[in-house]
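Everything on this sheet refers to the single structure shown next.
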Amino acid sequence: MNVDDRQPDLIITNARVLTMDPDRPRAEAVACAGGRILAVGRSADMDALSGPDTVVIDADGRTLLPGFVESHLHLVLGGAELEQLQLVGVAGFEALKAAFHAYAAANPDRPILLAQGAAYEILDHPVTRQDLDAVIADRPIAMMAPDHHTVWANTLALTQAGLLHGADTPHGHVVVMAPDGTATGELREFEAFGPVLALGGEAHLQLGIATGGEPDPWPDAAQRAADKEKIVAGLAHCARHGITSMVNMDGNRYTCVLLKELEAEGRLTARVVVPFHMKPHMELSELSRASAMAEEFKGEWVRSGFVKMFQDGVVDSRTAYMLHAYPGTDEQGEPLFDPARFKEICIEIDRRGLQIAVHAIGDGAVQVTIDGYEAARLANGPRDSRHRIEHIELIDRADVPRLGALGITASVQPPHPPGAMEFPMSTMEHVFHRDRWKDAYLWKTLADHGAPLAYASDWPVTDVNVMRGIQAALTRVPYAGCQDERVGLMETLYAYTAGGAWAAHLDDVTGTLKPGLAADLVLIDGDLESLPPLGIGATGIALTVSGGRITHQGPGFA
């Protein structure tokens, strides 16, 4: 037991504590003071520290962990989407029409009716603007795929967005055109569908991920207040699932400013790391903005310090860059960055002492990304960079050991493999050759070859519920003829806590339960080690504590 002379303001006792600290992996109780962990040890010892003002919570045998670290999500967009139409599970034209009509009736004044979670196979044929016109024609409507890389819009939305007759878009961003010279209604990637989303008045919230830019003019106090409410909604949603730290993958300096204002107002309930987005059209000199963000935002609650890039799109729309063509096609996607140019960018980011995170889904994109990181190390020498690759859905076998050798974090999402959670198994047949299934979603193989794992949901792409993510990680069935890619419970929990904190350069603040670190904790509503794996996803969060403050308390728990 380690204590100082302060009196705890919070003690959680009689718990099954999994500290994620290799020097003391288990305990019974945790005492907190001033937003920090004061002591970890036996219940009797912690109870003896209690004073008249100490809040003592009896965990009654529940599992206590470090607060979950969500290593890849979209906080602002997810918060905004909570008010939009949700189409998860909706299939067929009549069901789609009914859902939109009910939402339209409940929202008569929205400038555009936006829906989320529209499966690529929501209809029995590729969706067109005419299909959506048959749903609603006299109001602009649009729906986004679960992966957030494709939007379908009706004719009125396309017309108001100036896209009906096409548009000049950056490489890899496509307004799909019909033979008659008009848009089909399918819009691939951010800068193709950005004008449609902008009809809702939230274009300035998309700038980080879409263009890497900042709002101009700068939003006034009223607009910032409205934007902060979206963030607060997202934070509350995450707190209900035990999340106390997160890497927000769609931000910019404006995001950081909003978060700092929330921190000053006492309304920031999670630690948030925000990137600078580097786009293919940018000059290297733009990276001075990334360095400036890293210097301006380096606190325990809001920090920057890393650069995000997109190397490709997604498998469903065949925009993920593959080394070989997709089944039944001559398409293989393309890298969004010229490989030689990408190496130059990685070298410069690394030279500045910044971290790099790259969205790379196809095996071609993963290879180009590894090559860039390798070039940075050769140019600048090894350092504690913690560069990371986001997603890694397919990888060439020759590249597997390169992650561990270069210290590259595999930032991956247990809910994403088809069949593990919401994404249908049919995706595997459509986008991966059967003889390559053995190279898809290789979480265990990458870890076995030395790659650190960080787990996430990519919310709102999939459910942010960490307990469901844990279940998906532990119960994923191997694909036919393929190896088992699950890691064990403790490794899974580590990837959602200490591993995520390390990957985000937050391990000096959070991720483990040991004296001196932040009092970020999550109390599971049960004994996690005794729960059957198929029951974990239905298990609730009894308590979330962020910086010593209770941010969520489960129903009936006191």
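Summary table
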| item | result |
| --- | --- |
| Euclidean distance of C-alpha centroids, the stretch 51-85 and the stretch 322-388, integer Å | 33 |
| GLU283, GLU229 arranged by Cβ crowding within 10 Å, fewest neighbours leading | GLU283, GLU229 |
| Ranked LEU513, LEU489, LEU207, LEU187, criterion: other C-beta atoms within 10 Å, fewest first | LEU489, LEU207, LEU513, LEU187 |
| Pair-distance profile P(r), taking every C-alpha pair of the stretch 464-540, with 10 angstrom steps and integer % | 17, 43, 31, 8, 1 |
| Rounded FRET efficiency, nearest 0.05, which uses the C-beta distance separating HIS449 from ARG26 and R0 of 25 Å | 0.30 |
| Helix 93-106 axis, angle to the chain major axis (alpha carbon atoms, nearest 10°) | 70 |
| Cα-based reach from LYS228 at 19 Å (exclusive), listing lysines while leaving out same-chain residues under 8 positions away | LYS260 |
| Distance (nanometres) between label positions extended 7 Å along Cα→Cβ at GLU296 and ALA325 | 4.8 |
| Largest to smallest principal axis extent of the C-alpha atoms in the stretch 112-200, angstrom | 28, 28, 27 |
| HIS281-ALA95 FRET efficiency (beta carbon distance; Förster radius 41 Å; 0.05 resolution) | 0.50 |
| With Cα atoms, 0 to 90° folded angle of helix 363-380 axis to the chain main axis | 60 |
| Pairwise label distance in nanometres, ARG267 with SER50, each label 7 Å out on the Cα-Cβ vector | 3.5 |
| Karplus-derived HN-Hα couplings along the stretch 134-145 (A = 6.51, B = -1.76, C = 1.60, θ = phi - 60°), whole Hz, x at Gly and Pro | 6, 7, 8, 10, 9, 9, x, 10, 7, 9, 10, 5 |
| Unit charges at the beta carbon, dipole of the chain: most positive-side option, PRO219, ALA472, LEU517 | LEU517 |
| Rounded to 10°, Cα long-axis angle of helix 466-475 versus longest principal axis of the chain | 80 |
| Residues LEU528, LEU268, sorted so that the one with the fewest Cβ neighbours within 10 Å comes first | LEU528, LEU268 |
| Estimated [θ] at 222 nm from DSSP helical runs (n ≥ 4, -39500 (n - 2.57)) normalised by residues in the chain, nearest 500 | -9000 deg cm²/dmol |
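No lab work stands behind these numbers, since they all come straight from the coordinates. This one's a predicted model, so the numbers in the text were calculated from it and none came from an experiment. Because the Cβ atoms are built from the backbone with ideal geometry, glycine has one as well, and the counts that use them run over all protein chains shown.
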